[in-house]
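Read the structure below first, then the notes.
The values are calculated or read from the model by the stated rules, or taken from the named source; none is laboratory data. All of these numbers come straight from a predicted model, not from anything done at the bench. A quick note on method: Cβ atoms are made from the backbone with ideal geometry, for glycine too, and the neighbour counts reach across all protein chains shown.
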Amino acid sequence: MFRLVRYTSKRALHVAIVLIMMLTLVLPLAACGNPDTGLIVTTPAPPASAARTSLAAGPDFQSVDLWDDNMGLVTEFSLIKPNTDPAAAVGFTNKFANLTQVGVLCSSSAGTGSVTMYLYAWNTDYDTTLAAQYLAKYTFEDYDDGSWNIFDLTGMDLGAGDYLLVVTDGFDPNGADVGVLVSPNSVDNATYYENGAQTPGALCAYYQGYN
């Protein structure tokens, strides 16, 4: 009986070690989308110009806010409404030779919701832009209320030019609210859209890149 117990214990230990090794390989992959969709990154709410600096991979990276960075004024635009498919979007011009990140400040009252982001190359107007194939897509799930949901676009060879970032497909399995945060103040370097219509205000968003 002693030999059987000792053998079983050794076998269980061996199995546990193998499982741990497998998990160390699988878990990093689970955090990534496929190459066309970018990497999900979530960070706490601002004051975030400083908080987001840690996401940069080098001293040449710069972050550009697409809103007025006044957290005292922001309100929520809900992405869950009956019989509709609401969408919030921001059009912006990337001034860097390499676009590496775009991010949006999102709400999720229960922390169990999801939103899907699409990044497009801008073409003529909103509807024409959405008619084309998106550059990147990712569904962010179970994020905390007031989190930055961020596309890591490193390696996608996206350069300077005009882009449209769309946030839509809000969902929560428990019926809680999900949305994005919006400033009432329009800004010069971005155009805000609600349900496809240009609207006063600014989506709490930013982009990052380098030359």
Checklist entry - Within segment 70-83, is even one residue among the hydroxyl-bearing types (S, T, Y), under 28 Å from A176 (Cα atoms) and in the same structural domain as N189 (by TED's automatic domain parsing)? => result yes
Checklist entry - Which residues, taken from segment 100-134, are part of a loop (DSSP other than H, G, I, E, B) and touching a residue at least 40 places away in the same chain (Cβ under 8 Å)? => result S109, A110, T112, G113, W122
Item to check | Criterion violated by A131 - all others in (1) among the hydrophobic types (A, V, I, L, M, F, W, C); (2) over 17 Å from V90 (Cβ atoms); (3) at pLDDT 90 or above; (4) surrounded by 14 or more Cβ atoms within 10 Å (Cβ to Cβ) satisfied | outcome: (4)
Checklist outcome for this item: Only one of A205, A136 is touching a strand residue (DSSP E or B) at 6+ places or on another chain (Cβ under 8 Å), buried (at least 20 other Cβ atoms within 10 Å of the Cβ) and under 18 Å from F77 (Cα atoms), namely A205
Next on the checklist: Could you go through segment 148-160 and let me know if any residue there is outside any loop (DSSP other than H, G, I, E, B), of a type outside the set (S, T, N, Q) and surrounded by fewer than 17 Cβ atoms within 10 Å (Cβ to Cβ).
Outcome noted: no
Item to check | Matching residues in segment 178-197 - criterion: being over 20 Å from T116 (Cα atoms) and outside any strand (DSSP E or B) | outcome: P184, N185, S186, V187, D188, N189
Checklist entry - All but one of (1) in contact with a strand residue (DSSP E or B) (Cβ under 6 Å, 6 or more places away or on another chain); (2) modelled with pLDDT of 90 or more; (3) not acidic (D, E) hold for G159; which doesn't? => result (1)
